[in-house]
Amino acid sequence: MKNPRLVDRLCHATGALLVLSGLVHLLVFAVDGGPWYGPVSWRKPVTFGLSFGLTLIALTWVTSYLRTPPRTRAALLLVLAVDCVVEVGGITLQAWRRVPSHLNMETPFDTAVSMTLAVGGWALVVLLTVFAVASFRRRPTGPAGMPLAVRSGFAILLLALASGAAMIARGVVLTRTGQQEAAYHSTAPLKPLHGVSLHAVLVLPLLAWALSRTSWSERTRWRIVAAATGCYAAAVAGAGLWAVLTY
């Protein structure tokens, strides 16, 4: 697609639809009931729909501050959008089939879905790492505090990617060795770390943008963003400590 602005609108619309999917499945949970936790629950299409939708919207906006060629950024965002749809779609499909979505090798079809989700997860790691590297190679644009917010958001996002990759790798190893039930529960300690670190790339730049609408000095705004970054890093460190103690 040659028009970067059209790609931005498409990604925003796709993200909004994923968020809507998560909200719809929250309503399904309210009507249908069932467990909220566990490998088979409505929690997964709810949380993944909301999380992937917000992440896609956030990254479409945040990457506009990166000094990357517009067409390169547009191409990467298109791949990211497709990957987000595939991930949420596979998880949602398995939720309606009442079977686990991840680490499920019970049937050839379940294996195909599980492996597709795993490959999609690794594709996310590659795509988001490319954006993260771009944020550090050249200073991002934007108002006071935005470069710090963008770089910090991407740095923390890399921790989310690492924890996600660790969950996939650990679960696959346990599944391959016949420990299916253990595989489902092996991801629990890393989930708080993964969840907390995933959205720093939205929260911190959004704070910097909101501060730019005030009359405060650039120094004051930068200090607030720096303090917020420190607080967010402390929350991530706490989640990481929890993962170490409970793993």
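Here is how the numbers come out for the structure above:
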| item | result |
| --- | --- |
| Close pairs from segment 217-231: first touching a residue at least 12 places away in the same chain (Cβ under 8 Å), partner open to solvent by less than 60 Å² (accessible area, probe 1.4 Å) and not in a helix (DSSP H, G or I), Cβ under 6 Å, at least 6 apart | Glu218/Ala144; Arg221/Ala144; Arg221/Gly145; Trp222/Ala144; Trp222/Gly145; Val225/Gly145 |
| Residue pairs meeting the criteria (Cβ under 7 Å; at least 6 apart or on separate chains; first closer than 8 Å to Gly49 by Cβ, in segment 16-30; second open to solvent by 70 Å² or more (accessible area, probe 1.4 Å)) | Val19/Leu54 |
| Residue match in segment 86-97 (condition: more than 22 Å from Leu54 (Cα to Cα) and not small (Gly, Ala, Ser)) | yes |
| Those residues of segment 210-229 which are assigned to a helix (DSSP H, G or I), open to solvent by 40 Å² or more (accessible area, probe 1.4 Å) and either in contact with a Phe, Trp or Tyr (Cβ under 9 Å, 6 or more places away or on another chain) or not hydrophobic (A, V, I, L, M, F, W, C) (or both), in sequence order | Glu218, Arg219, Thr220, Arg223, Ile224 |
| Matching residues in segment 230-247 - criterion: being among the hydroxyl-bearing types (Ser, Thr, Tyr) and either crowded, with 17+ Cβ neighbours inside 10 Å or part of a helix (DSSP H, G or I) (or both) | Tyr232, Thr246 |
| Segment 15-66: number of residues that are of a type in the set (Gly, Ala, Ser), over 20 Å from Gln94 (Cα atoms), at pLDDT 95 or above and open to solvent by less than 10 Å² (accessible area, probe 1.4 Å) | 1 |
| Pair list, Cβ < 8 Å and 6+ apart or interchain, from segment 194-216 residues that are over 14 Å from Ala226 (Cα atoms) and at pLDDT 95 or above to residues that are part of a helix (DSSP H, G or I) and among the polar types (S, T, N, Q) | none |
| Some residue of segment 125-141 being under 22 Å from Pro189 (Cα atoms) and of a type outside the set (S, T, N, Q) | yes |
| Selected residue (criterion: farthest from the chain's Cα centre (by Cα)) from residues of segment 67-98 that are surrounded by 20 or more Cβ atoms within 10 Å (Cβ to Cβ), more than 24 Å from Ala149 (Cβ to Cβ) and touching a residue at least 60 places away in the same chain (Cβ under 8 Å) | Ala95 |
| Count of segment 4-14 residues which are touching a residue at least 24 places away in the same chain (Cβ under 8 Å) and open to solvent by less than 70 Å² (accessible area, probe 1.4 Å) | 5 |
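Each row is one residue, and each column tells you yes or no for (1) open to solvent by 40 Å² or more (accessible area, probe 1.4 Å); (2) assigned to a helix (DSSP H, G or I); (3) free of Cβ contacts under 8 Å to residues at least 60 places away in the same chain; (4) in contact with a helix residue (DSSP H, G or I) (Cβ under 7 Å, 6 or more places away or on another chain).
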residue: Gly120; (1), (2), (3), (4): no, yes, yes, yes
residue: Leu124; (1), (2), (3), (4): no, yes, yes, yes
residue: Leu127; (1), (2), (3), (4): no, yes, yes, yes
residue: Thr141; (1), (2), (3), (4): yes, no, no, yes
residue: Arg151; (1), (2), (3), (4): yes, yes, yes, yes
residue: Ile156; (1), (2), (3), (4): no, yes, no, yes
residue: Leu159; (1), (2), (3), (4): yes, yes, no, yes
residue: Ser163; (1), (2), (3), (4): no, yes, no, yes
residue: Met167; (1), (2), (3), (4): no, yes, yes, yes
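The values are calculated or read from the model by the stated rules, or taken from the named source; none is laboratory data. Because the structure is predicted, anything quoted here is derived from the model rather than measured. Heads up, the Cβs are rebuilt from the backbone with ideal geometry, glycines too, and the neighbour counts pull from every protein chain shown. Accessible surface is based on the protein model in full, side chains and every heavy atom, while ligands, DNA and RNA are left aside. Shrake-Rupley method; radii C 1.70, N 1.55, O 1.52, S 1.80 Å.
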